[in-house]
There are 4 protein chains.
Amino acid sequence: MTALTKRKVKSARALDNNVLAELLDKIHQSINPVVVLGADVDAAQANDYAIELVEKLNCPIWVAPLASRCPFPTNYAAFKGILPGGIASISQILEGHDLIIVIGAPVFRYHQFEPGSYLPNGADLVLITCDVNEAARAPIGDAWVGDIKPTLKQLAENVVQRDGVMPELTVAKSVVNITTPLKPETFFDILNDIAPEDSIFVNESTSTTDIIWERLTFKSQGSYYFAAAGGLGFGMPAGVGIQLAKPDRQVFVIIGDGSANYSIQALWTAAKYNIPVIFIVLKNGTYGALRWFADVLGTGNVAGLDVPDIHFSALAEGYGVEAFQANTCEEIKDALNKALTLGKPALIEIETWGKLQDEGLNIHNS
Amino acid sequence: MTALTKRKVKSARALDNNVLAELLDKIHQSINPVVVLGADVDAAQANDYAIELVEKLNCPIWVAPLASRCPFPTNYAAFKGILPGGIASISQILEGHDLIIVIGAPVFRYHQFEPGSYLPNGADLVLITCDVNEAARAPIGDAWVGDIKPTLKQLAENVVQRDGVMPELTVAKSVVNITTPLKPETFFDILNDIAPEDSIFVNESTSTTDIIWERLTFKSQGSYYFAAAGGLGFGMPAGVGIQLAKPDRQVFVIIGDGSANYSIQALWTAAKYNIPVIFIVLKNGTYGALRWFADVLGTGNVAGLDVPDIHFSALAEGYGVEAFQANTCEEIKDALNKALTLGKPALIEIETWGKLQDEGLNIHNS
Amino acid sequence: MTALTKRKVKSARALDNNVLAELLDKIHQSINPVVVLGADVDAAQANDYAIELVEKLNCPIWVAPLASRCPFPTNYAAFKGILPGGIASISQILEGHDLIIVIGAPVFRYHQFEPGSYLPNGADLVLITCDVNEAARAPIGDAWVGDIKPTLKQLAENVVQRDGVMPELTVAKSVVNITTPLKPETFFDILNDIAPEDSIFVNESTSTTDIIWERLTFKSQGSYYFAAAGGLGFGMPAGVGIQLAKPDRQVFVIIGDGSANYSIQALWTAAKYNIPVIFIVLKNGTYGALRWFADVLGTGNVAGLDVPDIHFSALAEGYGVEAFQANTCEEIKDALNKALTLGKPALIEIETWGKLQDEGLNIHNS
Amino acid sequence: MTALTKRKVKSARALDNNVLAELLDKIHQSINPVVVLGADVDAAQANDYAIELVEKLNCPIWVAPLASRCPFPTNYAAFKGILPGGIASISQILEGHDLIIVIGAPVFRYHQFEPGSYLPNGADLVLITCDVNEAARAPIGDAWVGDIKPTLKQLAENVVQRDGVMPELTVAKSVVNITTPLKPETFFDILNDIAPEDSIFVNESTSTTDIIWERLTFKSQGSYYFAAAGGLGFGMPAGVGIQLAKPDRQVFVIIGDGSANYSIQALWTAAKYNIPVIFIVLKNGTYGALRWFADVLGTGNVAGLDVPDIHFSALAEGYGVEAFQANTCEEIKDALNKALTLGKPALIEIETWGKLQDEGLNIHNS
């Protein structure tokens, strides 16, 4: 029997003219469109065409809920943030738009149960997707199936430049003063200042995801990774793998103490193969994502959600990774700067103010 | 919650220029190409572009093994027939070609185990498919994934006209004289003469499939249907459904006595809703497909493969369908002509000479 | 490697004395017990021990809902009938009993949704079962797991003879006079008179199951078979298989026209191997079980539930089985008597009065 | 709807007299029987009846392969050890016995592929099991299905006292002198001396399982736990759970460095809830079970099987568990004695000589 030869599969599938025309028509008829971009734009490395499209449409752009990658520069004027994973909230945020143009995302990935209208009143939705199953699954809107990069290129090149002033939606960043323990906002501001220009951030600090999107800047393709479905244990090994793949960019794994135990063993791999990821463990002594869900579901206080008294520095040492404890702004800056010059993996352990302190609970006694 | 609105999914995915160019290059470099077309060409209603492509390539065209539809006019000079479902046989038949261009078919659907080379020596294969799974599954050759109709159009329009005389491959039809019982060849010749120009044939006479492809003429889109995977019970209800969908074309269901019992109940639906399918039951008293497999596998005579003494005319009557028994050429012509003018469903029951008689077995004693 | 030898598995699992004592205690403390027997009593051939137990308990006995076999002689004074498959109905029927002793049945197989109490007020339930999964699944009552035959023997031998007059629960048979078309009650009375003493009845006339239990007499082990889960297509091939297994007893398959088409092909097997089952098709022109469910669910008239104009005599002839049409009492008696002396399979086709006539619908126009 | 009441399921299923008699007959006819006991004997707490049976049969007793519990006192004269998980090895070890009486175990749990005869020549096998699926799955021998405790009691009480001298099979313990690093044999001898009389051992040091069975003494019910199917990650959390369930007995978790990382997080639970398990990590710097399999499969040296440079003391500290490093006999004795008086969880980290040193490999450079 013939030995199997090396095979290639090519799939550069753009829309043909008729089908493209229908899509452009819909867009051109819109008075007040909005673009929602998903992870597939980043995965297809079509980020530049997304910018071109948004500039021509002259409209706001949101990131799809629970996005596993960042498809658009977050320091861009039109960038409004990441949508929440609830039906009613999305409708409320997109109120006033007559056309929602979703590219490279499911419509939509919902997390918490929030009954409501899928879309704001009077709004229509179009989906450009490379995934026939997402096309079929979407509960609302028409879908155009094509590979994201060539299709987005077609769209950007053929859409007519739109006039007018972009609606003023930008939310000011919240001001945060609490310093003991540090609020996560403060930490992310420091990190954003110190991290090298093209850093890569792997996020498994589920309960601070909104703050991450607000405070960190993702400029270039491949700057942000998240486990879309929310499964835990992804962050630490993912960071190790991404740093292996991208030796010229610094990878930061941002992880909560509730998440960090799922795959703590990844520290050994980083040490053993000398992969210089910087692991940042944000300790608020609790399992923040579950506390948040308990709140959404109105369960009251649930037993077993706290994870106090874990010494990540000792765990790091056990697996051969250099560790830093840093609780003040100065200590954090110092630790980050040292870690960046080590040339090997490092772990920084930071106590942060969390939901528990917000609620007046003393997590250290829980 | 919003009521679900009517959604549309569009997917007219053609190749972009770079990817198309690579494919055209491969084709233009071929000295002696051959085209193999599959059911998806017919399903995508791209038959005319297939003709245009074959005329420009000036090369033979085969139908892919176990095709569930006919993608090409079988009365066309370049048409060579249907490939068998075995690795070695395909290599042998396609010997001498340096490029095999497969469009709209799996590479390949194999039925009987025939170890060998996937391709003839020196041959290369390219696959144009709309099915990403078929692209991944193919054991050999590069794949281009695109919707069949726009991609085949692109290919036909952009391929360079090829010179030269087509290799002489045409197989003469076998001559058949046996009349009692009739050989299937004789019956299909009669049917081909009498059936209206744009008839539709649904085939579940598995053991005569090769003869059907040799003797019947399929000219237009949607003229032939077969259960690709070979599952039985498809033919009779499929015929009823297709006749409902295509009231202006005559549907013939051609089915063996081994297959006809799986979904005999479809006769009632045809009668009850007055759907004028013509069911033709070819009776050789045995389960031909299994006998054929027993032969391939060298099992010797296996018990329980014969199905004598079924009176399909009585079954038809039981479900309210008018029935004819026809065993000679004249009776068959007469029955077909009557059935065509009935304006309601009919069943024609025909005793045919089968493999058993070829082997000197007397099926009526089995 | 050793050739696999013929293996035996023995599993004569009776209760040990302590566990038996607990069960007996519960039974002896009951003032007004009732026994509910399931198919496993018949399958384990423990019918005689069931009689012995009921005689000692001197209490009524019911058959468990949707039983697939008959575990008790239906002509016995204590026999009250088959329980319906609904929670509320069972509670109502068993009202007044303080202990429900279930043997060889799930607790319980419910069919229609009837919310309510699992048990009548003040009642307790014990389950003797050979199926650990049934023990786990039962929503109510304690379970004793043991093989049915030895356990029922233990129970019958060790239970103390109970005094008192059995509560008077017997329901008189309904009187039925309609003769055109015949009511099923009338037919079953005739069948009960003519069928040989030890006949076996296979039931797939789902909509007349209650009438069958009311009118037919099942005396000995293995006299009744039904597809417990209600799946259709079981009756005709099951009848053929049972007749093969029990050549000395006459098998009757009682089947509705709604069910008979699922496996009509079994007629051919009966004819081909000359297996003298008598198939009785009760034609009311509709799919009675679904009509009944439509009624329970309050769906109004649902399309596609009628199956008029099927000529089962012709179908039988098509497959080689001798057929009779019989619509009056005399014709039915005549057909049954003839079929019983044929020495080969026969089918009797009978038009019966069904729910449709009860509702004033004219099924022949549907 | 009725609130679900607390239900009980009783299943004291002993053999009835006829079935028991057949089993006793087989045993009484045997010249040279052997008993093989499995985990279900320990799970059913039928250990004393197993002793009674073996004393009456006056025959050797083996533990079934890969047993997850110890069903018999290992310091008993008749106790021969644990069978290996290979077809050929079992046949060879049991050579000479004419009847193999298996109780409470699958027949058999095979691990490595060793083609051969299921049984020695001339041997017969009987299986007493509480698991109907094991009865069905066994490739050889007849099976009696009954609950282990009452069935073993019946058997022990009814079997006839057998004369004769037990065949001399006892294997002397190997003598081990290597002390740097310590051979596992030496460590287990120390542990066996120091561990309290009724200690419980949880084993996930897969590559030293044979040595554990040779060196440790399991006297009473519930003294040994192992993940029968060999899945890793079981040992540390299982030890925590068992210690919670049995506060009056000391639990030791014996685990390799290859296994200890799977569920290292269990240390936190032990610390947080102050559950005084003693975790013993045997470090040979490699993944011993996989090295063993690589050897069986003849793969040569496989990459990625070594796990050097893990500091379990630091990991223990990270999760709040007190840790000891002990590499000499004296240090180990000292650490064990201290751990036993702590009143809280402890981890002892011990470097041991493993297969690598046997092969002359220097694991610290791997």
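The values are calculated or read from the model by the stated rules, or taken from the named source; none is laboratory data. It should be emphasised that the depicted structure is a prediction, and the values quoted were computed from it without experimental measurement. Cβ coordinates were reconstructed from backbone atoms using ideal geometry, including for glycine residues, and neighbour counts include every protein chain displayed. Remember, those area values only see protein heavy atoms, side chains included, never the ligands or the DNA or RNA. Shrake-Rupley method; radii C 1.70, N 1.55, O 1.52, S 1.80 Å.
When you look at C:Phe312, is it at pLDDT 95 or above, assigned by TED's automatic domain parsing to the domain that holds C:Asp257 and of a type in the set (Phe, Trp, Tyr), yes or no? It would help to see each step written out before you state the result.
Values: at pLDDT 95 or above: yes; assigned by TED's automatic domain parsing to the domain that holds C:Asp257: yes; of a type in the set (Phe, Trp, Tyr): yes.
Taking the combined requirement at face value, the residue satisfies it.
Restricting attention to the range D:64-101, report how many residues are part of a loop (DSSP other than H, G, I, E, B), among the hydroxyl-bearing types (Ser, Thr, Tyr) and either in the same structural domain as D:Tyr225 (by TED's automatic domain parsing) or over 12 Å from the mean Cα position of the chain (by Cα) (or both).
Here the count works out to 1.
Under the condition of being in a loop (DSSP other than H, G, I, E, B) and out of contact with any Lys or Arg (no Cβ under 6 Å at 6 or more places or on another chain), which residue from the range A:264-291 is most open to solvent (accessible area, probe 1.4 Å)?
A:Tyr273
Would you please name the residue that is nearest to A:Val145 (Cα to Cα), looking only at residues in the range B:142-168 that are open to solvent by less than 10 Å² (accessible area, probe 1.4 Å) and outside any strand (DSSP E or B)?
Ranking the qualifying residues of the range B:142-168, first place goes to B:Gly146.
Looking for something at pLDDT 95 or above, closer than 19 Å to C:Thr74 by Cα and either assigned to a loop (DSSP other than H, G, I, E, B) or not hydroxyl-bearing (Ser, Thr, Tyr) (or both) - is there at least one such residue anywhere in the range C:224-238?
yes
Which of the residues that make up the range C:299-317 are open to solvent by less than 60 Å² (accessible area, probe 1.4 Å) and without any contact (Cβ under 8 Å) to a residue 12 or more places away in the chain?
Initial filter on the range C:299-317 (open to solvent by less than 60 Å² (accessible area, probe 1.4 Å)): C:300, C:302, C:305-308, C:310, C:312-316.
Selection gives C:Gly300, C:Ala314.
Return a yes/no flag: does the range C:203-218 have any residue that is within 14 Å of chain D (Cβ to nearest Cβ), modelled with pLDDT of 90 or more and touching a Phe, Trp or Tyr at 6+ places or on another chain (Cβ under 9 Å).
No, there is no match, as no residue in the range C:203-218 is within 14 Å of chain D (Cβ to nearest Cβ), modelled with pLDDT of 90 or more and touching a Phe, Trp or Tyr at 6+ places or on another chain (Cβ under 9 Å).
Among the numbered criteria (1) within 20 Å of the chain's Cα centre (by Cα); (2) surrounded by fewer than 22 Cβ atoms within 10 Å (Cβ to Cβ); (3) among the hydroxyl-bearing types (Ser, Thr, Tyr); (4) facing chain A (nearest Cβ under 10 Å), which one does B:Ser117 miss?
It fails just one condition, (1).
Condition first: aliphatic (A, V, I, L, M) and modelled with pLDDT under 95. Now tell me which residues in the range D:149-197 satisfy that.
Those that are aliphatic (A, V, I, L, M) and modelled with pLDDT under 95: D:Val165, D:Met166, D:Leu169, D:Val171, D:Ala172, D:Val175, D:Val176, D:Ile178, D:Leu182.
Taking B:Ala50, is it assigned by TED's automatic domain parsing to the domain that holds B:Ile128, buried (at least 21 other Cβ atoms within 10 Å of the Cβ) and small (Gly, Ala, Ser)?
yes
Would you mind stating whether A:Asn261 is surrounded by 15 or more Cβ atoms within 10 Å (Cβ to Cβ), more than 12 Å from every other protein chain (Cβ to nearest Cβ) and either in a loop (DSSP other than H, G, I, E, B) or among the β-branched types (Val, Ile, Thr) (or both)? Let's see the steps before the verdict.
On the way: surrounded by 15 or more Cβ atoms within 10 Å (Cβ to Cβ): yes; more than 12 Å from every other protein chain (Cβ to nearest Cβ): no; either in a loop (DSSP other than H, G, I, E, B) or among the β-branched types (Val, Ile, Thr) (or both): yes.
So A:Asn261 does not fit the description; no.
Which of the residues belonging to the range B:299-323 are over 21 Å from B:Arg249 (Cβ atoms) and in contact with a strand residue (DSSP E or B) (Cβ under 7 Å, 6 or more places away or on another chain)?
B:Leu305, B:Asp306, B:Val307, B:Phe312, B:Ser313, B:Ala316, B:Glu317, B:Ala323
Is it fair to say C:Asp248 is more than 21 Å from C:Glu351 (Cα to Cα) and not small (Gly, Ala, Ser)?
Working: more than 21 Å from C:Glu351 (Cα to Cα): yes; not small (Gly, Ala, Ser): yes.
Yes, satisfied.
What is the number of the single condition among (1) within 19 Å of B:Val132 (Cα to Cα); (2) open to solvent by 10 Å² or more (accessible area, probe 1.4 Å); (3) in contact (Cβ under 8 Å) with a residue 24 or more places away in the chain that B:Arg69 does not meet?
Of (1) within 19 Å of B:Val132 (Cα to Cα); (2) open to solvent by 10 Å² or more (accessible area, probe 1.4 Å); (3) in contact (Cβ under 8 Å) with a residue 24 or more places away in the chain, only one is false for B:Arg69: (1).
Any chance you could count how many residues in the range D:102-128 are outside any loop (DSSP other than H, G, I, E, B) and over 12 Å from D:Val36 (Cα atoms)?
So the count comes out to 1.
Could you tell me which of the residues C:Asn327, C:Asn337 is open to solvent by 10 Å² or more (accessible area, probe 1.4 Å) and modelled with pLDDT under 95?
Numbers: C:Asn337 fails: modelled with pLDDT under 95.
Exactly one residue qualifies, and that residue is C:Asn327.
Could you tell me which residue of the range A:239-258 is nearest to A:Ala326 (Cα to Cα), considering only residues that are small (Gly, Ala, Ser) and crowded, with 24+ Cβ neighbours inside 10 Å?
Start the filter on the range A:239-258 by keeping residues that are small (Gly, Ala, Ser), which leaves A:239, A:241, A:245, A:256, A:258.
Right, trim to crowded, with 24+ Cβ neighbours inside 10 Å and you get A:239, A:256, A:258.
Values: A:Gly239: 21, A:Gly256: 15, A:Gly258: 18 Å.
This residue is A:Gly256.
Go through (1) in contact (Cβ under 8 Å) with a residue 24 or more places away in the chain; (2) over 25 Å from A:Phe312 (Cα atoms); (3) within 14 Å of another protein chain (Cβ to nearest Cβ) and name the single condition D:Ile332 misses.
(3)
What is the number of the single condition among (1) in a helix (DSSP H, G or I); (2) open to solvent by 50 Å² or more (accessible area, probe 1.4 Å); (3) closer than 22 Å to C:Trp292 by Cα that C:Thr209 does not meet?
It fails just one condition, (2).
Give the residue, chosen from B:Ser89, B:Ser30, that is touching an Asp or Glu at 6+ places or on another chain (Cβ under 7 Å), surrounded by fewer than 19 Cβ atoms within 10 Å (Cβ to Cβ) and more than 14 Å from chain A (Cβ to nearest Cβ). So that I can check it myself, show each step before the final result.
Details: B:Ser30 fails: surrounded by fewer than 19 Cβ atoms within 10 Å (Cβ to Cβ).
Within the list B:Ser89, B:Ser30, the selection yields B:Ser89.
For the range D:142-160, state whether one or more residues are away from chain C (no Cβ under 14 Å), in contact (Cβ under 8 Å) with a residue 24 or more places away in the chain and of a type in the set (Lys, Arg).
no
List the residue pairs whose Cβ atoms are under 9 Å apart, where the first residue sits in the range B:278-297 and is closer than 19 Å to B:Asn327 by Cα, the second is aromatic (Phe, Trp, Tyr) and open to solvent by less than 10 Å² (accessible area, probe 1.4 Å), and the two are 6 or more positions apart or on different chains.
That search, which allows pairs on different chains as well, returns B:Ile278/B:Phe252; B:Phe279/B:Phe252; B:Phe279/B:Phe312; B:Ile280/B:Phe187; B:Ile280/B:Phe252; B:Val281/B:Phe312; B:Leu282/B:Phe187; B:Lys283/B:Phe312.
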